[in-house]
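Have a look at the structure below, then the notes.
Coordinate-derived values only; no laboratory data. Every value quoted in this text rests on a predicted model; they were computed, and no experiment measured them. Glycine gets a Cβ as well: all are built from the backbone with ideal geometry, and neighbour counts include every protein chain shown.
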Amino acid sequence: MSEASGGAGSERSEGPRAEASRTCPRCGLRVPSDRFQVCPACLISEDEPEAVIAQGALKLGQELGHGGMGTVFRARHVRLGRDVAVKFLPAELADSAEFRTRFAREAHALALLNHPNIVTIHDYGEEGGQGYIVMELVEGSSLAEQLPLAPERAIGIVLQICDALSYAHQQGIVHRDIKPGNVLIDRSGKVKVTDFGLARMAGDGARGWTLTAPDRALGTLYYMAPEVLRGAAPSPQVDVYALGVLLYESMTGALPVGDFERLPGAIDHVVRRALSQLPAKRHASVDEFASDLRRARHHVTARPGELPAAEKQWFRAVVLLYATASAILGWALLVSLTPRVVAPAELHPLSLVAARVLEDGRIVSLARFEVWPTLGALAAFGAALTASGFLRRHFSQVGLDQPDPDHPLRESKWLLALGVVAVLTYLARRLSDDSLTLVRYSPFFGALIELVSLYILWSGLLEAKRRGRPFGREPALFVGFAMMLVPPAFELGAYALPWLR
């Protein structure tokens, strides 16, 4: 290795002076090599010649960051002719055989992995008893520095992480420390997963990489699956759990601790499944998690509990079926309950109700069972129930059937307002002169109001069912419905009353 130009001698001093020369006089940390008088961080912070290591192959630059597993410097790789990142084992841990082994294991783990979403390792070495890794330099920032993100952006980043972890799992490597600080994003938006320092070969310690005891938990607390804390062997589901935490944090900027708030759309279902306390209820693999997430990204909404635009169309179609079925049923009841005079030949003994014979032999039917209108209403409700069943099943599968009993229904206010309009329109017709053009068309407007009211009623009922909101908490919905029934009930009564005398 070339001598550092900071004045470090090429010969090793003896006795107490040798021990002192291995401690940085500026910051008090261990010096990576007996050829340095100060540590690299202090050396490059001054106007001194460049720190050179690896026999002159690496010229250290500024510090990029540091963490529990080491400090990262920008460097120039002379032989490769490119800028790289050099990660040193923390100087204060250099004497720990365990940490040196874990640091070396990171280099080996990365060397096995060749994927566009995983930081590439170029070299590995040791300088004065301190290990270092030469890695791909990612020009950008960590995910932790960008939180929170828009839902679509967060999903796109997590899916890239899934691709990286899926590849690593196929090589038998579990990352075990997925968190925003270990995810780098370059200037083009490409994700790079780094810091495999806690990676461990899944299974029975392949290649002898069994540093920690089975009951030793490694990782970052909030991202650790419950079974890891109990000493379970590493598995791909450990990374799935961490991905669930990371996805939630990416979208909200907060950790999913305690009774955490719901995410919009079906994303909440994906996260809660990934965060299941029992591995058997969690996604079995990163690929399954990614597949679930790709489906859910089409159901992202602006607010939790709200239906995505595509799903709203299906929801409205089912509501329309119910409204149509209700209109047909109303027509069937109106036809059946309207008094009518029928000829004796039209008499059906089992269908007439409260019939009486007139002087001319005809029969007055006050009410009767109208076969085709009634069957038509039943068929319409059958179609609506079938469509509703398929929709509920779909909502359940994609996580859109979300309990939200405390959120009031906006349909209640709308239906109450329409009920008031329906009553006022009817009163205007009854109390005004029929010569007025507007009053003359009031039956037409009244019918439109009734049809719209049926649609809003069913929209409110189905939405309350989806959210698990008790009907008793929406009195305005039923008051509005009752007001909507006032005009047709009065009209039917006024028509039928003379026939009942």
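A few notes on this one:
- Basic side chains Lys and Arg get +1 at the Cβ, acidic Asp and Glu get -1 at the Cβ, and with that the dipole of segment 140-299 about its Cα centre reaches some 140 debye.
- The Cβ shell under 13 Å around ALA254 holds other residues with a net charge of -2, Lys and Arg each +1, Asp and Glu each -1.
- Gap separating the Cα centres of segment 106-132 and segment 442-460, nearest whole Å: 69
- Taking the charge dipole of segment 402-501 about its Cα centre, with +1 at Lys and Arg Cβ atoms and -1 at Asp and Glu Cβ atoms, the residue from SER412, MET484, VAL452 reaching farthest to the positive side is SER412.
- Backbone amide hydrogens, once placed in the peptide plane, bring HIS66 within less than 5 Å of VAL72, excluding anything fewer than 5 places away on its chain.
- For the cross-link pairs LYS59/LYS179; LYS312/LYS413; LYS59/LYS192; LYS190/LYS312, the ones whose C-alpha atoms lie over 22 Å apart are LYS59/LYS179; LYS59/LYS192; LYS190/LYS312.
- Karplus-derived HN-Hα couplings along segment 180-194 (A = 6.51, B = -1.76, C = 1.60, θ = phi - 60°), whole Hz, x at Gly and Pro: x, x, 9, 10, 9, 10, 7, 5, 8, x, 6, 8, 10, 7, 9
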